[in-house]
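Working notes, structure below.
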Amino acid sequence: MLKIGQISDIHIGEDESLVQGIDVRENFLRALHSDSMEKLDLLVLSGDLANENAEPGAYSYVAEQIKKLDYPVCIIPGNHDRIEVMSKYFDLPVKNGKCYYRFDLMGKSMFFLDSACGEVSRDQLDWLEAEVPKVDGEVLLFMHHPPCFCGHRFMDLHYHLKNMVEVQEVLLKFDNLKHVFCGHYHCEFEVMFKDITVHAAPATQMQIAPDKPYFNLKSSSPGWQVIYWGKDFVETKILY
């Protein structure tokens with residue numbers, strides 16, 4: 001069984017200053033070093049490591065924290081990140097200006113897509129179509145934006161994935177893809193898209209209330225997700 005920790009939407013600033021009145025660095029550390037994250041096989045940072053505009057100080061800080069870990073870390077950019085800045089601090093695979101890749105661990109395969117610009121490029125979708133069928137067995141997919149609406153009135157209205165229909169058409173071609181993990185919405189969700197379960201992790205920065213069509217802070221407490229992936233099962237646990 002694989003135990004995967006997922007931390008999303010950290011929104012670290014350039015320095016130790018509070019971000020919107022929140023100690024985002026402390027929130028990140030609370031998630032990273034919580035008891036629930038002990039004995040991980042993999043950590044996934046699923047985007048928006050930086051707060052607003054790819055602050056180098058954010059990436060330097062996160063890189064310093066994760067280099068102390070004794071397990072691998074997979075990273076993808078979010079809409080507040082820029083791959084050309086991130087690449088100076090993390091060893092990331094970049095093709096055609098996008099960060100997307102396959103990662104294999106303990107006989108299991110995971111795929112990572114780059115939706116930092118608000119959509120998933122056609123190059124990535126063509127690559128995914130070619131690579132996923134090569135895997136004999138179930139795969140997991142990680143991306144920053146959810147590939148479907150989640151029932152979050154504010155985020156669905158203003159910040160949904162731009163080419164959602166195009167992405168959905170590709171994802172539905174795979175018999176061995178049943179779980180997609182994302183962030184971006186600053187709220188936990190588990191929604192069904194056809195026979196695919198979309199798991200949106202909460203943010204370590206803050207949670208945004210889903211029941212209003214405008215920004216409404218729900219909580220400044222950090223949230224994160226732990227994924228257990230074994231033979232014939234995928235289970236998740238959300239923690240705050």
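Restricting the stretch 44-67 to residues that are of a type in the set (Asp, Glu) and either in contact with a Ser or Thr (Cβ under 6 Å, 6 or more places away or on another chain) or open to solvent by 10 Å² or more (accessible area, probe 1.4 Å) (or both), the residue that is farthest from Val85 (Cα to Cα) is Glu64. Pull up the stretch 209-235, narrow it to residues that are buried (at least 21 other Cβ atoms within 10 Å of the Cβ) and among the hydrophobic types (A, V, I, L, M, F, W, C), then point me to the one that is farthest from the chain's Cα centre (by Cα). Checking each candidate, the answer is Trp229. Open to solvent by 10 Å² or more (accessible area, probe 1.4 Å) and closer than 19 Å to Trp229 by Cα: does that describe Phe174? Here the answer is yes, as Phe174 does meet what is asked. Within the stretch 1-43, being buried (at least 21 other Cβ atoms within 10 Å of the Cβ) and of a type in the set (Asp, Glu) holds for one residue alone: Asp9.
Across the stretch 106-131, the qualifying residues are those that are free of Cβ contacts under 8 Å to residues at least 40 places away in the same chain and assigned to a loop (DSSP other than H, G, I, E, B), and the one among them that is surrounded by the fewest Cβ atoms within 10 Å (Cβ to Cβ) is Gly107. Look at (1) of a type in the set (D, E, K, R); (2) over 29 Å from Val120 (Cα atoms); (3) not in a loop (DSSP other than H, G, I, E, B) and you find that Glu16 fails only one, number (3).
Hey, can you tell me all the residues within the stretch 93-102 that are among the aliphatic types (A, V, I, L, M) and surrounded by 18 or more Cβ atoms within 10 Å (Cβ to Cβ)? Selection gives nothing. A Cβ distance below 7 Å, combined with a sequence gap of six or more or placement on separate chains, defines the contacts here; from the stretch 167-184, residues that are under 17 Å from Phe149 (Cβ atoms) reach residues that are of a type in the set (Lys, Arg) and in a loop (DSSP other than H, G, I, E, B) in the pairs Leu172/Lys194.
Here Asn79 meets each of (1) of a type outside the set (D, E, K, R); (2) buried (at least 19 other Cβ atoms within 10 Å of the Cβ); (3) closer than 17 Å to Ser8 by Cβ; (4) within 17 Å of the chain's Cα centre (by Cα) with one exception, condition (2). Could you grab the pairs with beta carbons closer than 7 Å, sequence gap of 6+ or different chains, first residue in the stretch 142-165 and under 16 Å from Cys117 (Cβ atoms), second one in a helix (DSSP H, G or I) and of a type in the set (A, V, I, L, M)? Correct list of pairs: Pro147/Met164; Pro147/Val167; Pro147/Leu171; Leu161/Val167. When Ser60, Ser8 are checked against the criterion of being in contact with a Cys (Cβ under 8 Å, 6 or more places away or on another chain) and farther than 15 Å from Ser220 by Cβ, Ser8 stands alone in meeting it. Of all residues in the stretch 77-98, those that are touching a residue at least 24 places away in the same chain (Cβ under 8 Å) and of a type in the set (A, V, I, L, M, F, W, C) total 4.
The values are calculated or read from the model by the stated rules, or taken from the named source; none is laboratory data. Please read all numbers here as calculations on a predicted model, not as lab measurements. Reconstructed Cβ throughout: ideal geometry from the backbone, glycine too, with neighbour counts over all protein chains shown. These area figures cover heavy atoms from the full protein model, side chains too; ligands, DNA and RNA do not enter into them. Shrake-Rupley method; radii C 1.70, N 1.55, O 1.52, S 1.80 Å.
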